[in-house]
Structures are given as C-alpha cells and as structure tokens.
Amino acid sequence: MTGEKSVVDKPATLVWAVWLVYLECAALAGLTVYLIVLDLTSSPVDVVPAVALTVFAALGVAAVFFVARALGRRRRGARGPAIVIQLFTIAAGGFLLQVGPSWLGVVLMALGVLIGVLIVLPPSTRALGID
C-alpha cells in the first residue's frame with residue numbers, strides 16, 4: 001500500500017492494557033467515594049484539606065478514564081500519559097511498601113509495571129501507530 005496505513009486489529013497486549021487502566025480508574029473511583037464518605041462524617045476541623053484531596057482524587061478518576069478511553073481508541077498521544085499514570089502507580093506502591101499495607105504496595109507496583117510493559121510492547125506500539 002502506498003501512502004496508506006494498513007488496518008491493524010487491536011492486539012491482546014493493548015486490549016489487556018486498556019482493561020487494566022479501566023480497572024485502575026474503577027479503583028480510584030472507589031477511593032474517591034470512600035473519601036467523600038469520610039468528608040461527610042468527619043469532624044469539621046480539617047474540612048478544606050479533606051475536600052481538596054477528594055476533588056484531586058475525582059480529577060484523577062477523570063484523567064485516568066480519558067487516558068484509558070484514548071488508549072482503547074488507539075490514539076497515538078495516549079501512550080505517554082498512560083506511562084506517566086503507571087509511574088505514579090509504581091510510586092504509590094513504593095510509598096505503601098514503606099508506610100502502609102505492604103501487600104497493597106506490591107500489588108500496585110506489579111500492576112504499574114505490567115501495564116507499562118503491555119503498553120510499550122511492539123504489538124501495542126504498532127496498534128497505536130508509533131512504530
């Protein structure tokens with residue numbers, strides 16, 4: 001074909017990456033709902049920081065959702081933001097290894113690495129048109 005891009009089916013690597021990013025979005029949405037409940041039931045001493053954290057988490061849900069949707073639509077510019085999200089996920093996992101439930105830190109770090117690898121594998125790269 002001269003001058004035309006061949007149509008490539010969505011490879012399994014990209015499909016799995018998209019579904020796992022949607023899973024991250026759902027988990028972050030669950031955390032946001034939990035933060036809203038805490039905001040409504042907590043003492044009024046620290047309202048501003050609590051609401052700010054909740055709004056920040058809600059914005060994170062929207063950002064992760066739009067990145068997952070862009071990956072699913074095979075947008076070339078979605079790979080960079082998706083990798084950045086995975087770097088944040090790995091960093092959050094490292095933080096939890098130090099101070100929180102270490103099992104959750106290991107899960108987050110493994111998930112971030114897995115999704116990051118799935119996104120940069122050659123079939124995903126070709127499907128996103130970055131080859």
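Readers should treat all values here as calculations from the given coordinates under stated rules, not as data from a laboratory. Nothing here was measured: the structure is a model prediction, and the numbers come from that model. Cβ placement follows ideal geometry from the backbone for every residue including glycine, while neighbour counts extend to all protein chains displayed.
Here is how the numbers come out for the structure above:
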{"quantity": "Filtered residue count, the range 58-101, keeping only those that are within 13 Å of Ala17 (Cα to Cα) and among the aliphatic types (A, V, I, L, M)", "calculated": "9"}
{"quantity": "Residue among Val61, Val67 that alone is part of a helix (DSSP H, G or I), touching a Ser or Thr at 6+ places or on another chain (Cβ under 7 Å) and among the β-branched types (Val, Ile, Thr)", "calculated": "Val61"}
{"quantity": "Members of the range 93-131 found to be touching a residue at least 12 places away in the same chain (Cβ under 8 Å) and either outside any helix (DSSP H, G or I) or of a type in the set (Asp, Glu) (or both), listed by number", "calculated": "Leu121, Leu128, Gly129, Ile130"}
{"quantity": "Ile115 within 19 Å of Leu23 (Cα to Cα), touching an Asp or Glu at 6+ places or on another chain (Cβ under 8 Å) and not acidic (Asp, Glu)", "calculated": "yes"}
{"quantity": "Complete set of residues in the range 70-80 that are surrounded by fewer than 16 Cβ atoms within 10 Å (Cβ to Cβ) and part of a helix (DSSP H, G or I)", "calculated": "Arg76, Gly77, Gly80"}
{"quantity": "Residue ID - farthest from Pro49 (Cα to Cα), chosen from residues in the range 6-38 that are of a type in the set (Val, Ile, Thr) and part of a helix (DSSP H, G or I)", "calculated": "Thr13"}
